[in-house]
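These notes are about the structure you will find just below.
The values are calculated or read from the model by the stated rules, or taken from the named source; none is laboratory data. Only a predicted model underlies this, so the values are computations on that prediction, with no experimental measurement involved. Cβ atoms come from the backbone with ideal geometry, glycine included; neighbour counts cover every protein chain shown. The protein model used for the area step is the full one, side chains on, heavy atoms only, and it has no ligands, DNA or RNA in it. Shrake-Rupley method; radii C 1.70, N 1.55, O 1.52, S 1.80 Å.
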Amino acid sequence: MTLSKEEAEFILAPHKLRLQNCIESAWNDLHRLKEYLPHIVTPRTRANLMHDFMVSHARNEFDGVKNVRLCDMNGLFLLILEERINIKFKKLNDDKMPSNIPTQQNDFFMQQLDLPGIESANNLIAGYELNTLATDLHEITITCPMGNRNEWYINLGYSAGINNVIDITSPNKPDLPIRVSEKHKKVAKESNV
C-alpha cells in the first residue's frame, strides 16, 4: 500500500534539506563543468551528468545517517529511508514525471511493486525540473509515481543557484558586430538610390 503524502512527509522531514542539497549541488557542479565543455553538452548529456552528480552528492550527504541505507542494484541507485521509502534521482518533465527507458525494474518501481532484493517499501523520486529555457532549476520535487501519473508530490522548492539568463537590457552590453548578408546589402543599396 502506498504511503500517504502526510506519512511520507513525516519520514522525509529530517532528510528534505539533504535531498535538496544533493540536487542543487549537482546543478552547480554541472555549471562548473559546462564552463569547459559549453558546446557539447546536449540535454541528454546534461541529464546523465546531473544524475551522476546527484548520486555522488547523495553518497556524501547520507553516508552514516541513521536509518538511511544506500543501495546499488543493477544500475539503479536508491536511498532507502527507514526501510519504508526507496528514493531514486531523476529529471522531471512539466507533469513531474521522469522519462525512463522501459525495463522491468523501472516498471516495478513506477507501479509501486516490490523490487527484487529490496524489502517492501514505497518508491519515490527526488527530481528536478528546469525552467523554460533550461538555464536554471525551476523546482525540486519528491514525487510518488503510480504508473504513468503521480499519486502525490512534495515541492522542496529551490533556494539558490546559477541563473544563466543574460540581461539584454543592460546599459553595459558590449557592442557586437552586426553581420548583414549580401542580399540585404543589395536591397539596402537599391533603396538608397
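Using a simple spin-label model with pseudo-atoms 7 Å out from Cα toward Cβ, residue 114 and residue 82 lie 2.1 nm apart. Near the amide H of residue 73, within less than 5 Å, lie the amide hydrogens of 78, all on another chain or at least 5 residues away, with H placed in the peptide plane.
As an exercise, identify the chymotrypsin sites (Phe, Trp or Tyr not before Pro) in the stretch 1-91 lying in DSSP coil whose Cβ has no more than 10 other Cβ atoms within 10 Å. Loop-located and lightly packed - 36. A simple count of charges around residue 16, restricted to other residues whose Cβ falls under 13 Å of its Cβ and scoring Lys, Arg +1 and Asp, Glu -1, yields -2. Sequentially through the stretch 114-122, phi angles give Karplus couplings (6.51, -1.76, 1.60; θ = phi - 60°) of 5, 8, x, x, 10, 4, 4, 7, 8 Hz, Gly and Pro residues having no value and appearing as x. The slack between residue 6 and residue 133, meaning 0.36 nm per residue of separation minus the straight C-alpha distance, is 42.4 nm. Across the stretch 20-26, computed HN-Hα scalar couplings (Karplus, 6.51 cos²θ - 1.76 cosθ + 1.60, θ = phi - 60°) run 4, 4, 4, 6, 5, 5, 4 Hz from first to last residue, x flagging Gly and Pro. Roughly how many Å is it from the Cα centre of the stretch 29-86 to that of the stretch 95-151, as a whole number? After rounding, the separation between the Cα centres reads 14 Å. How much of the accessible area of the stretch 77-146, probe 1.4 Å, is carbon plus sulfur, in whole percent? The computed percentage sits at 48. Karplus-based coupling profile of the stretch 76-93, in residue order and whole Hz: 10, 9, 10, 9, 10, 9, 6, 6, 10, 9, 9, 10, 10, 9, 8, 7, 10, 8, with θ = phi - 60° in 6.51 cos²θ - 1.76 cosθ + 1.60 and x standing for Gly or Pro. For residue 84, no residue has an amide H sitting under 5 Å from its own, ignoring neighbours fewer than 5 places away on the same chain, with H placed 1.01 Å from N.
Amide H contacts of residue 112: 147, each under 5 Å away and 5 or more positions distant or on a separate chain (H built 1.01 Å from N in the peptide plane; Pro and chain starts excluded).
Extension gain for residue 59-residue 105 works out to 14.4 nm (0.36 nm per residue, less the C-alpha to C-alpha distance).
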